[in-house]
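To keep things clear, I will list the structure first and then write my remarks on it.
The values are calculated or read from the model by the stated rules, or taken from the named source; none is laboratory data. Owing to the predicted nature of the structure, the values given are computational and were not obtained by experimental measurement. Note that each Cβ is placed from the backbone with ideal geometry, even for glycine, and that neighbours are counted across all protein chains shown. What goes into the accessible areas is simple: the full protein's heavy atoms, side chains included, and nothing from ligands, DNA or RNA. Shrake-Rupley method; radii C 1.70, N 1.55, O 1.52, S 1.80 Å.
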Amino acid sequence: MTCVHCGKPLPEGSRRDRAYCDHTCRALGSYYRRKAGITPPPRWQHPALTSDNPALRSAAAHAKQLGETNGWSPSLVRCAMDGLTAVLADPPPGKPVKLTEVRARIPRHASSHRVAEVLTDLELLEDDSVLAIRSWIDDRTAELPVGFASDVCAWLLVLLDGDSRAKPRSHTCLYVYFGCVRPLLENWVATRGHLREITVADVTAALSPLRGWQRRNAIAALRSLFRFAKKRGLIFANPTTRLKAEDIQRNLLPMTDAEVLAVQRIAATPAQQLIVALAAVHAARATAIRRLTLDDLDLPNRRITIAGHAQRLGELSHQTLLAWLAQRRITWPKTPNRHVLINAKTALATGPVSAEYLKRHLLHQGVYLERIRGDRVLHEALTVGADPLHLALVFNLSHTAASRYATIAQNLLDDQTGVRRDAVGRESGRS
């Protein structure tokens, strides 16, 4: 390619819509065209928009429409059309494109996610990919001893997909259960070769050094594994039938001044301050914060709806919301996402931020939202006199959680009363 004005060769790797070698030639070319009364040349458009392939032409037009709707940059739209050209160049008529082919055939500069989004809207995509959790199950269970690998793999798949009498479990549950079971199986492999050989004594000996939540989680995982094995006929007797997990007494103390100052020091950006304010003022959970939308805010009337529960918007929350919304409007003015918290990735879509977003901003820096949230509920319980009904109504808590917070608050109040009585008794003894 050469410059339209001076004829100088353009640098290698230049964009296909580049016509001039520099800004000077572009300005001079425009000047001489106007002086000579020549009509400006038509603007460059992607070849996919005028392709002879109707599927590619409609997909490119839809990509352009999505870009205008979702605020994609021109380069992102152009790269999406390049990917569509690669996967729709010679497809069989009426046959959808497989997702694995999309990921393998598109150029490196194109986004497989955007190409898949366009093809999904046109019903031209077939998702034949394997979930990451399934690959994780296959890889981790393959490392187990031969006698246990197939049974544990089948157990994890049932937990993932569910069956006729059990609902699917979350991915976190699978990670925790397998993390609890794996070291026990590796210890048993020295003397046992299959789940049917595990006895009650083996289970008791394996659980004896564990304490607290580690023991409780291990018991839950073992009971789930051996129930599955018994139901499928893999074992003769369930060694965990009479195994019970002890109740763990939960204890919660108000945050100290040092903890509060540490949170204030870490929460420096408007996004971090908003997350902390929602947890500290409204006792909002992390999931509720991520799913909060602009429709849940009523700034003129100072109202906010968190997880379906309407509350009065406090002054701290109101100020942090205004600061974050101002930065959000400046950074992503054309985003179609209605969620309050967005980032560079979700600004081009409509979904909420991931849980890793909150962890990266706060948890990895030592700020625990559950600690802040629990302190807020406990402070309210100490203020109103440990009334569980009040806590349930204000924070939309279950009766069990409200009663637990009320019990903790009552114990703290009783301890303070006892300390004051002892102090009064010592003073009267001195007098």
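Comparing 252, 76, 28, which has the greatest mean-square fluctuation in the GNM of the chain with Cα pairs linked when under 10 Å apart?
Maximum among the listed residues: 28.
On the first, second and third principal axes, largest extent first, how far apart are the outermost C-alpha atoms of the chain in Å?
108, 68, 35
For the chain, find the longest principal axis of its Cα atoms and tell me its angle to the long axis of helix 74-87, 0 to 90°, nearest 10.
90 degrees
Roughly speaking, to the nearest percent, how much of the chain's 1.4 Å accessible area is carbon and sulfur?
Details: 13690 of 25550 Å².
With neighbouring chains kept in place, the figure for the chain is 54 percent.
What is the chain's relative contact order, in percent, from Cα pairs under 8 angstrom and six or more apart in sequence?
This gives 9 percent for the chain.
Can you give the charge dipole size of the chain about its Cα centre, rounded to the nearest 20 debye, using +1 on the beta carbon of Lys and Arg and -1 on the beta carbon of Asp and Glu?
For the chain, the charge dipole is close to 580 debye.
Residue 140: net charge of surrounding residues, Cβ under 15 Å, Lys/Arg +1, Asp/Glu -1, itself excluded?
Net local charge, residue 140 excluded: -3.
Post the alpha-carbon centroid distance, the stretch 281-309 to the stretch 1-59, in whole angstrom.
The distance from the Cα centre of the stretch 281-309 to that of the stretch 1-59 comes to 49 Å.
All other residues with a Cβ under 13 Å from the Cβ of residue 192 taken together, and with Lys, Arg as +1 and Asp, Glu as -1, what is their net charge? Before the final figure, lay out the partial values.
Values: positive: 196; negative: 151, 186, 197, 202.
Residues close to residue 192 contribute a combined charge of -3.
I'd like the projected area of the stretch 1-88, averaged over all directions, using the convex hull of its alpha carbons. Report it in nm² with one decimal.
The directionally averaged projection comes out at 7.2 nm².
Would you please calculate the Kirkwood hydrodynamic radius of the stretch 47-104 over all C-alpha pairs and express it in Å, rounded to one decimal?
11.8 Å
Residues in the stretch 163-194, backbone N under 14 Å from the label point at residue 201 (7 Å along the Cα-to-beta-carbon vector): list them, ranges by number please.
Residues 191-192 qualify, since their backbone N sits under 14 Å from the label point.
How big is the stretch 77-172 on each of its three principal axes, counting only the C-alpha atoms and giving the largest first in Å?
Result, largest extent first: 50, 29, 26 Å.
Over 10 Å intervals from 0, what percent of Cα-Cα pairs in the stretch 237-350 sits in each interval?
Going out from 0 Å in 10 Å bins, the stretch 237-350 shows 12, 36, 26, 11, 9, 5, 0 percent.
Express the relative contact order of the stretch 112-219 as a whole percentage, based on alpha carbon pairs under 8 Å and six or more residues apart in sequence.
Details: 55 pairs, mean separation 22.1, N = 108.
Once divided by the residue count of the stretch 112-219, the mean separation gives 21 percent.
Solvent-accessible area per residue for the stretch 145-288 at a 1.4 Å probe radius, Å²?
56 Å²
Using the Cα centre of the stretch 1-78 as the reference point, and only Cβ charges (+1 on K/R, -1 on D/E), how large is the resulting charge dipole? Debye, rounded to the nearest 20.
The calculation lands at about 280 debye.
Mind ranking 357, 31 by accessible surface for me, highest first, 1.4 Å probe?
Result, largest first: 31, 357.
Got a sec? What order do 128, 151 fall in by accessible area at 1.4 Å, biggest, i.e. largest, first?
Values: 128 55, 151 15 Å².
Result, largest first: 128, 151.
In the stretch 2-69, if the dipole is taken from +1 on Lys/Arg beta carbons and -1 on Asp/Glu beta carbons about the Cα centre, which of 47, 36, 61 is farthest to the positive end?
It is 36.
Sorting 259, 117 by accessible area (1.4 Å probe), largest first, what list results?
259, 117
Averaged across orientations, what area in nm² does the convex hull of the alpha carbons in the stretch 1-151 project?
That works out to 14.0 nm².
According to the square roots a ≥ b ≥ c of the eigenvalues of the Cα gyration tensor, what is the shape class of the stretch 344-394, taking rounded for a/c under 1.5, prolate for a/b larger than b/c otherwise, and oblate for the remainder?
Since a/c reaches 1.5 but b/c is at least a/b, the shape of the stretch 344-394 is classed as oblate.
Please check: in the Gaussian network model of the chain (C-alpha springs, under 10 Å), which one of 78, 16, 360 has the largest mean-square fluctuation.
16
Excluding same-chain residues fewer than 8 positions from residue 167, which lysines have a Cα within less than 21 Å of its Cα?
Straight-distance partners of residue 167: 230, 231.
With the radius of gyration and the Kirkwood radius both derived from the Cα set of the stretch 127-285, what is their ratio Rg to Rh?
Numbers: Rg = 20.5 Å, Rh = 18.6 Å.
Taking Rh as the inverse mean 1/r over Cα pairs, Rg/Rh reads 1.10.
Divide by every residue of the chain the summed helix terms, -39500 (n - 2.57) for each DSSP H run of at least 4, and state the resulting mean residue ellipticity at 222 nm, rounded to the nearest 500 deg cm²/dmol.
-18000 deg cm²/dmol
Which one, 145, 300, 42, has the greatest fluctuation when you compute a Gaussian network model over the chain with C-alpha springs under 10 angstrom?
Highest fluctuation among the options: 42.
Give me the angle, in degrees from 0 to 90, between the Cα long axis of helix 132-142 and the longest principal axis of the Cα atoms of the chain, rounded to the nearest 10.
Helix 132-142 sits at roughly 60 degrees to that axis.
Would you mind checking the stretch 3-29 for residues with the amide N under 16 Å from a putative spin-label position 7 Å along Cα→C-beta of residue 50?
16-19
Using only Cα atoms, tell me the angle between helix 23-36 and the longest principal axis of the chain; keep it within 0 to 90° and round to the nearest 10.
Tilt of helix 23-36: around 40 degrees.
Taking amide H atoms as placed 1.01 Å from N in the peptide plane, list the residues 5 or more away in sequence, or in a different chain, whose amide H sits under 5 Å from that of residue 3.
Those qualifying (amide H under 5 Å, at least 5 residues apart or on another chain) are 8, 10.
Under the 0.36 nm per residue contour assumption, what length would be gained going from the current alpha-carbon distance of residue 312 and residue 75 to full extension? Could the numbers behind the result be given before it?
Working: separation 237, 0.36 × 237 = 85.32 nm, distance 4.36 nm.
Extending this stretch completely gives an extra 81.0 nm.
Considering only the other residues whose Cβ falls under 13 Å of the Cβ of residue 28, what net charge follows from Lys and Arg at +1 and Asp and Glu at -1?
Residues close to residue 28 contribute a combined charge of +4.
Given C-alpha coordinates of the stretch 134-211, what is the ratio Rg to Rh with the Kirkwood estimate of Rh?
We get a ratio of 0.98 for the stretch 134-211.
Using the Cα centre of the stretch 137-205 as the reference point, and only Cβ charges (+1 on K/R, -1 on D/E), how large is the resulting charge dipole? Debye, rounded to the nearest 20.
I would put it at about 240 debye.
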